[in-house]
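The values are calculated or read from the model by the stated rules, or taken from the named source; none is laboratory data. Being a predicted model, the structure only gives us computed values, none of them experimental. Note that we place each Cβ from the backbone using ideal geometry, even for glycine, and neighbour counts take in every protein chain shown.
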Amino acid sequence: MALNIQSSSLVCPRCRMEFPRNTEIRLFAEHLISCLRHSRGESQQYKVLNIQISKDLPYETKAKWLQNEFNKIRIPWQTESVKFTINREDFIQSSMAQVLFSPAEDLHKEFQISFEGENGMDAGGIFREWITLLMKDLFAEDLGLFVKAPSSITSYTFPNHFSDANISSYIFAGKLMGKALFENIPINCPLSQVIYKHIIGDKIELKDLNFLDSELYNSLLYMQNNNLEDEIYSNFEVEKNMNGKMVKILLKKRGDKIMINEENKEEYIKKRLKFETYGIMKEHLNLLLQGFYSVVPKPLVCHFTSEELELAMCGLPFIDIDDWQAYTEYRGEYTRNHQVIQWFWEVLENLSHEQLMNLLLFVTGSPRLPVEGFGSLRTMRGDMARFTIEPTPYNQSNIYPRSHTCFNRLDLPLYPSKKALKKSLKFVINNHAFGFGIE
């Protein structure tokens with residue numbers, strides 16, 4: 001996600017203000033919403049219903065409006081749901097075949113996931129983890145659907161070359177992104193801001209090239225702001241690495257014969273910008289958009305900025321343990337002051353961010369949070385479902401914690417020591433494969 005998780009700080013996607021990594025999640029979330037609101041010159045409060053939606057409205061108003069619009073086209077689970085049976089050994093292909101061959105109206109129904117040869121019912125938790133792991137696999141480097149943008153270590157764009165073999169994969173990826181937004185499930189969708197702008201239909205400007213290739217952006221910016229009479233530039237031709245081969249591409253007819261000069265530099269900049277931000281990626285992009293819009297109609301997202309859409313799709317990029325504690329509920333003999341609970345939070349304080357995300361994935365089915373934080377956790381069907389810890393007996397047949405991802409519940413044994421709790425908790429975090437410990 002382009003919120004730029006750095007080693008020592010987080011950066012607001014709108015104003016670039018830096019926050020220490022230990023900033024309270026509530027304060028960071030409040031800043032994001034306030035910044036997105038005031039950057040549009042709008043701080044007035046609106047009612048969600050019966051408003052004329054526009055880009056000028058506050059982010060939180062548009063987010064609520066979007067969910068309200070989704071509910072208008074949602075097919076209630078009580079009416080009908082879609083059941084997918086997935087082959088674990090062929091995870092991506094098995095999932096893709098069933099999603100792509102489903103009728104269009106099924107995309108607005110509740111998905112219920114099961115696995116071949118396994119028992120179990122999905123009330124939303126398995127679906128959340130299924131879509132989370134699929135997104136992770138689709139962005140894997142060895143699959144080749146997405147590559148890191150030259151200017152970023154965190155955001156992705158499309159490779160220069162296109163293969164017909166990937167047509168279905170890009171449509172599938174778009175459908176998953178749309179479905180995650182439709183169901184309000186934060187996902188790790190680290191797309192470049194250029195791609196987010198294409199999704200909402202915004203005009204691409206020269207400054208947007210900086211998200212893809214800062215070196216080229218600075219070169220074109222220099223060209224735009226300086227007289228080229230004494231400068232030597234090349235022609236209207238671009239050379240790109242296409243699947244290991246250097247290929248020359250003309251930006252206009254006979255472009256290899258036309259040198260760049262002061263008179264035609266604006267034309268070159270315009271054509272080069274269009275090529276870099278659309279021309280070279282149009283096959284991949286159009287397929288991704290086709291899949292996305294099949295779930296989320298374009299008119300529903302065109303009122304967002306690219307930063308707002310990224311926030312809506314990706315949620316918060318870090319985990320605040322204080323916020324986690326504040327919105328945790330306890331059952332049975334467990335209370336905030338119970339010795340095992342105190343050990344639990346002490347162990348979490350010493351986990352890495354990746355381990356915390358894996359624990360969150362283990363319990364909720366998603367490693368990310370909505371922008372409102374832990375206080376906004378819900379079931380797939382919209383019911384409030386805060387992170388809950390319930391006691392279970394500790395014995396040889398019940399050593400490890402278990403999770404109920406549909407309800408965001410962790411069954412935590414009554415451990416006799418902090419050492420035993422830490423060992424068991426780290427085991428499920430480090431060995432958590434899809435479905436381990438889930439009921």
Residue set VAL347, VAL301, VAL295, VAL340; condition touching a strand residue (DSSP E or B) at 6+ places or on another chain (Cβ under 8 Å) and either without any contact (Cβ under 8 Å) to a residue 12 or more places away in the chain or aliphatic (A, V, I, L, M) (or both); output residue VAL340
Please report, ordered by residue number, the helices (runs of 4 or more DSSP H) entirely within segment 14-113 with at least 3 residues that are charged (D, E, K, R) and modelled with pLDDT of 75 or more.
59-73
If a residue must be assigned to a helix (DSSP H, G or I) and surrounded by fewer than 19 Cβ atoms within 10 Å (Cβ to Cβ), how many such residues does segment 366-381 contain?
2
Suppose we filter segment 311-340 for residues that are at negative phi and surrounded by fewer than 19 Cβ atoms within 10 Å (Cβ to Cβ); how many remain?
15
Lone unmet requirement of (1) part of a loop (DSSP other than H, G, I, E, B); (2) surrounded by 21 or more Cβ atoms within 10 Å (Cβ to Cβ); (3) β-branched (Val, Ile, Thr) for VAL363
(1)
If I filter segment 116-147 down to residues being in a helix (DSSP H, G or I) and hydrophobic (A, V, I, L, M, F, W, C), which single residue comes out as surrounded by the most Cβ atoms within 10 Å (Cβ to Cβ)?
ILE126
Segment 137-183, residues that are of a type outside the set (A, V, I, L, M) and closer than 30 Å to LYS64 by Cβ
PHE139, THR154, SER155, TYR156, PHE172, GLY174, LYS175, GLY178, LYS179, PHE182, GLU183
Scan LYS274, LYS253, LYS248 and give me the residue that is surrounded by fewer than 20 Cβ atoms within 10 Å (Cβ to Cβ), part of a helix (DSSP H, G or I) and not acidic (Asp, Glu).
LYS274
Which of the residues spanning segment 389-408 are among the β-branched types (Val, Ile, Thr) and surrounded by fewer than 19 Cβ atoms within 10 Å (Cβ to Cβ)?
THR392, ILE399
Could you tell me whether any residue of segment 181-189 is closer than 19 Å to TYR278 by Cβ, modelled with pLDDT of 90 or more and surrounded by 15 or more Cβ atoms within 10 Å (Cβ to Cβ)?
no
When the residues of segment 219-234 are filtered to those that are at pLDDT 90 or above and of a type outside the set (Phe, Trp, Tyr), which remaining residue is surrounded by the most Cβ atoms within 10 Å (Cβ to Cβ)?
LEU220
Please work out which one of (1) basic (Lys, Arg); (2) modelled with pLDDT of 90 or more; (3) touching a Gly at 6+ places or on another chain (Cβ under 8 Å) is the condition ARG409 fails and give its number.
(3)
Considering every residue within segment 387-398, establish whether at least one is at pLDDT below 90, touching a strand residue (DSSP E or B) at 6+ places or on another chain (Cβ under 7 Å), within 22 Å of HIS338 (Cα to Cα) and assigned to a strand (DSSP E or B).
yes
So the check is Cβ under 8 Å with 6+ separation or different chains; which pairs have a first residue in segment 129-155 that's in contact (Cβ under 8 Å) with a residue 60 or more places away in the chain and under 20 Å from LEU216 (Cα atoms) and a second one that's among the aromatic types (Phe, Trp, Tyr) and surrounded by 15 or more Cβ atoms within 10 Å (Cβ to Cβ)?
ALA149/TYR156; ALA149/PHE211; SER151/PHE211; SER151/TYR217; SER152/PHE211; SER155/PHE211
Residue in segment 193-214 that is farthest from GLY291 (Cα to Cα), counting only those that are surrounded by 17 or more Cβ atoms within 10 Å (Cβ to Cβ) and among the acidic types (Asp, Glu):
ASP213
Kindly evaluate GLY125 against the criterion of being in contact (Cβ under 8 Å) with a residue 12 or more places away in the chain and touching a Ser or Thr at 6+ places or on another chain (Cβ under 6 Å).
yes
Given the criterion surrounded by 15 or more Cβ atoms within 10 Å (Cβ to Cβ), of a type in the set (A, V, I, L, M) and within 14 Å of LYS179 (Cβ to Cβ), identify the matching residue among ILE113, ILE86.
ILE113
